[in-house]
Number of protein chains: 2
Amino acid sequence: MSSKGLSFIRGSSLCFSVRLSRSASTKAARQKIVVLGCGWGSYSVLRSVNKKKFDVICISPRNHFLFTPLLASTTVGTLEFRSIIEPIRNTGFRDEHHFHLSYATHLDHAQKVVQCRSALDPSMTYPVSYDILVIGVGANSSTFNIPGVNEHALFLKEIQDAREIRKRILTNFELATQPLVSEEEKRRLLHFVVVGGGPTGVEFSAEFYDFLQQDLERLYPDERSTVHITLIEANEILSSFDTKLRSYTEKIIKKRERMQILKASVTEVTDTGITLSDGSVMPCGMVVWSAGLAPRSFVNDLNVDKNSRGQILVDEYLKLPSLDSVYAIGDCASVIGNDMPCTAQVAEKQGRYLAKALSRKASTPPPPFVFKQTGMLAYIGDYRALADTSVGKSQGYASWILWRSAYSTKLGSWRLRMQVPMDWMKTFFFGRDTSRF
Amino acid sequence: MSSKGLSFIRGSSLCFSVRLSRSASTKAARQKIVVLGCGWGSYSVLRSVNKKKFDVICISPRNHFLFTPLLASTTVGTLEFRSIIEPIRNTGFRDEHHFHLSYATHLDHAQKVVQCRSALDPSMTYPVSYDILVIGVGANSSTFNIPGVNEHALFLKEIQDAREIRKRILTNFELATQPLVSEEEKRRLLHFVVVGGGPTGVEFSAEFYDFLQQDLERLYPDERSTVHITLIEANEILSSFDTKLRSYTEKIIKKRERMQILKASVTEVTDTGITLSDGSVMPCGMVVWSAGLAPRSFVNDLNVDKNSRGQILVDEYLKLPSLDSVYAIGDCASVIGNDMPCTAQVAEKQGRYLAKALSRKASTPPPPFVFKQTGMLAYIGDYRALADTSVGKSQGYASWILWRSAYSTKLGSWRLRMQVPMDWMKTFFFGRDTSRF
């Protein structure tokens, strides 16, 4: 029962959590890899890189890895927030000072130094030196400079965003039941707009639709006919998926009573609604914005070759051609002549490749990075999903089983692998938790 | 697999969740019970009262019931926040408009009306009429008018408080590892002060001590000798417990390397520390304030008989002697000539008694309320607890088993009864989640 007897089990919940011994002599000999960010690419490096050989330092304004494919599920409580995140320190740093809860603000490659600003105290800025640098800072949500997006729309990138969306949904439903709210205001509060028909937008709408059908309708029966979801996309929804799967999704969504797909562009977001390109105003109680990616300011400020979308150009070894020992992976990078989608899968594979490549002896150069798509999955609501894989394309219940199995086995630790199915079971039997706090 | 097929299971996760039929004729005949608050007392009324006989309306600024005896466990992640709360709407209201996410601000008994202010939009104020009123608004944490408490200390009453404490602990540890932080500032950041040696203060210190020993020490090994917890109490700690158990607790805590009990009074709280009554200043990074109770403003403003602590005086039927059909239960009330402790147990039993009493036929008056203490439990850290019950007093591991069993069976729903042991298991095997967000 002693707490110390358990430290091994606790420490090894992730592959590298066993604290490595520090010896002064090896320390001097070890090269310093600095990893910026802790999304799919960087986390993959952190977990796979040989920590006996390197001092591995991570700089990131958040201290956890987020399993993004299940983020939409947490916005409505199908899954809980902490069921899809994993503390970065559990990857097992050689020294507690090897993780910095800070922003990387500037690269000075001549000095081999990254300038940092503490995420906890903005007045604290300091340099971190590196031998090898891995840039995996990801990307921001793109607002396309549309007025009001930053101020009034909610994004869906981080776990805080999911928490904010969940709170907003519950707030609007509670407000709608209050005695002094007019019918018009109630219709506005319960009109939910999702901008962007990519996988994030579609999956969020799907999860929200399930929440409506399975929980909110039971708890707020009088609002049944008032609630409405609008999914806005200027082009095709799920454009990266197969045409057959796309039209299946459209057919399913069109059948839904309280949901519509709108082919339109948004020109402004205000605190009470949105304006479309035809000038019409659509009152709504929440706008979730998931319309594309834009470079982070660190990448914007980098004086290196980039593509038209602002991504850092790297060679087939994921290295920046102009800078020695500097690599870029994931959403912030693009391989010259071999553009890959900005997905978790690409970033994760690049991270694993890079960790392996860096661990090689200098005498045996690594093979170039080759990306092999294993498939794409998307949840579209009501126990239906899409699977667009190399062995075939499918949709419906069977794909939903595949979707759940694939993601639950992909989770980063046994803790999450236990909790996610438990959350699914709780949601199935007891419904989602609608506590607002 | 249809979502509708499950509505019964979902709806019945709590006893009264089955939506009751509305018929205009019965509605007219039904009396309106208005319940203020949704803590132990009010929640107990909401769950037990006969909803076929009454229209039951609840007014509360939060929409969930909180299982307070386990709140301290959520401050460090031994349990997750949503593992100990239950949405109020799951108690099954006859009409969705019967729950108001609002503050009760004023009682006008002549008109039989409670004035409310929306918790979501403070500009919205409106009256709610009642036939029977149950006041179960609980109490605030008492600051004893000590300067700085409201501004700089953290309370431990609501689930938001637990979230704030958890974030503060993780923030301070991360800050302490940052390069520009001086040794002195690090010692301040990692000095945690708990004011109040009642069960809440002692249990929070215990949970925090476990967190230190079992997780933080592994993740921040260099801070091992810097961290310190001070539990401040002007009188005796756990004064409501048996002397033997009290001195056992003191002995255990005194053995702890990085924890002390300080017999002192606090005269001021600032953003960097506290001042004691002897004028000495103690720098610290967090103050958790749990020093007693004070009446809520609704109770303060009530023009009825109260005791010296500001609690509403009620007769042995929990009714206000001066007002017809108005009852008060829990921490905001005191039975004339029979003062009971402000505990969950008392409030819960009063609520159940009142629900039963109200459901009786008018011709058979209820017996007076009699409180029989079933015992007190407190967790003191490192798998040890105290049990002070009518059948005996015990401490140590066996009492810890009793503590866990008692509370896990007392939880309000099967969802929580499944999740709480799951959280305990996860903490035991994988450690606590230190993600900060």
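Things worth noting here:
- Cα gyration tensor category, rounded, prolate or oblate, for segment B:149-232 with a/c compared to 1.5: prolate
- The modelled label-to-label distance for the pair A:Arg163/B:Glu257, using points 7 Å beyond Cα in the direction of Cβ, is 3.2 nm.
- Among beta bridges that DSSP assigns inside the protein assembly as shown, antiparallel share in %, nearest 5: 50 percent
- Ascending list, in nanometres, of distances separating the B:Lys254 label from those of the other copies (7 Å, Cα toward Cβ): 8.0
- For segment A:251-265, backbone nitrogen atoms closer than 19 Å to the point 7 Å from A:Ser225 Cα along Cα-to-C-beta are found at A:256-260.
- Share of Cα-Cα pairs in segment A:205-283 lying beyond 15 Å, as whole percent: 65 percent
- Using only side-chain charges placed at the Cβ, +1 for Lys and Arg and -1 for Asp and Glu, the dipole size of chain A relative to its Cα centre rounds to 2120 debye.
- Think of segment A:157-270 as a dipole: +1 on every Lys or Arg Cβ, -1 on every Asp or Glu Cβ, centred on the Cα centre; then among A:Thr200, A:His228, A:Ile252, A:Ile252 lies furthest on the positive end.
- For chain A, the longest principal axis of the C-alpha atoms and the axis of helix A:397-410 are separated by about 30°.
- Degrees, to the nearest 10: B:344-359 long Cα axis against longest axis of chain B: 10 degrees
- Ascending list, in nanometres, of distances separating the A:Phe371 label from those of the other copies (7 Å, Cα toward Cβ): 6.6
- Residue list for segment A:361-398, given a label point 7 angstrom along the Cα-to-Cβ vector of A:Gln31 and an amide N cut-off under 19 Å: A:361-369
- Under the convention that each Lys and Arg Cβ holds +1 and each Asp and Glu Cβ holds -1, the size of the dipole of segment A:188-344 around its Cα centre is about 460 debye.
- Ranking B:Ser277, B:Leu212, B:Leu377 by Cα position along the charge dipole of chain B, where only Lys, Arg, Asp and Glu carry charges on their C-beta atoms, puts B:Leu377 farthest toward the positive end.
- Partner lysines whose Cα lies under 19 Å from the Cα of B:Lys52, excluding those fewer than 8 positions away in the same chain, are identified as B:Lys27, B:Lys32, B:Lys356, B:Lys361.
- Shown is the FRET efficiency for B:Ser408 and B:Arg309, computed with R0 = 45 Å from the Cβ-Cβ distance and rounded to the nearest 0.05: 0.90.
- Note that segment A:327-341 has calculated 3J(HN,Hα) couplings of 10, 9, 9, x, 4, 8, 10, 9, 6, 4, x, 8, 5, 10, x Hz, one per residue in order, obtained from phi through the Karplus relation 6.51 cos²θ - 1.76 cosθ + 1.60 (θ = phi - 60°); glycine and proline are x.
- Of all DSSP-defined beta bridges confined to chain A, some 50% are antiparallel rather than parallel.
- B/A buried area, accessible surface, summed, 1.4 Å probe, Å²: 7600 Å²
- Cβ-Cβ FRET estimate between A:Thr125 and A:Asn300, R0 fixed at 22 Å, reported to 0.05: 0.75
- List A:Glu203, B:Glu185, ordered by accessible area with a 1.4 Å probe, largest first: B:Glu185, A:Glu203
- Normalised contact order of segment A:302-437, rounded percent, pairs of Cα under 8 Å and 6 or more residues apart: 12 percent
- Pairs over the 29 Å Cα-Cα cut-off, from the set A:Lys254/A:Lys372; B:Lys157/B:Lys426; A:Lys244/A:Lys426; B:Lys306/B:Lys393; B:Lys244/B:Lys410; A:Lys157/A:Lys349: A:Lys254/A:Lys372; A:Lys244/A:Lys426; B:Lys306/B:Lys393.
- Segment B:303-400, accessible area per residue, ligands and nucleic acids excluded (1.4 Å, Å²): 48 Å²
- Between copies, the label points of B:Ser123, set 7 Å from Cα on the Cα→Cβ line, lie 3.8 nm apart, reported in increasing order to one decimal in nanometres.
- Cα gyration tensor category, rounded, prolate or oblate, for the protein assembly as shown with a/c compared to 1.5: oblate
- On Cα atoms only, tilt of A:243-255 relative to the major axis of chain A in degrees: 40 degrees
- Charges were assigned to the Cβ only: +1 to each Lys and Arg, -1 to each Asp and Glu. The resulting dipole of segment B:88-197 about its Cα centre is roughly 200 debye.
- Per-residue average of Cβ from other chains inside 10 Å of B:51-64: 1
- Only Cα pairs under 8 Å and 6+ residues apart enter the sum, and on that basis the relative contact order of chain A stands at 19 percent.
- Percent carbon-and-sulfur accessible area, segment A:373-437, ignoring ligands, DNA and RNA, probe 1.4 Å: 64 percent
- Prolate/oblate/rounded call for segment B:351-437, Cα gyration tensor, a/c under 1.5 rounded: oblate
- Spin-label pair A:Tyr397-A:Trp424: with each label point 7 Å from Cα along the Cα-Cβ axis, the two points sit 1.5 nm from one another.
- Percentage relative contact order, segment B:302-347, counting C-alpha pairs under 8 Å, at least six apart: 31 percent
- B:Leu262 accessible area, assembled protein chains, probe 1.4 Å, Å²: 40 Å²
- Residues of segment A:316-340 with an amide N closer than 18 Å to a point placed 7 Å from the Cα of A:Thr364 along the Cα-to-Cβ direction: none.
The values are calculated or read from the model by the stated rules, or taken from the named source; none is laboratory data. Since this is a predicted model, take the numbers as computed values, not measurements. With ideal geometry, Cβ positions are generated from the backbone for all residues, glycine too; neighbour counts draw on all protein chains shown. Calculation scope for accessible area: heavy atoms of the full protein, side chains included, ligands and nucleic acids excluded. Shrake-Rupley method; radii C 1.70, N 1.55, O 1.52, S 1.80 Å.
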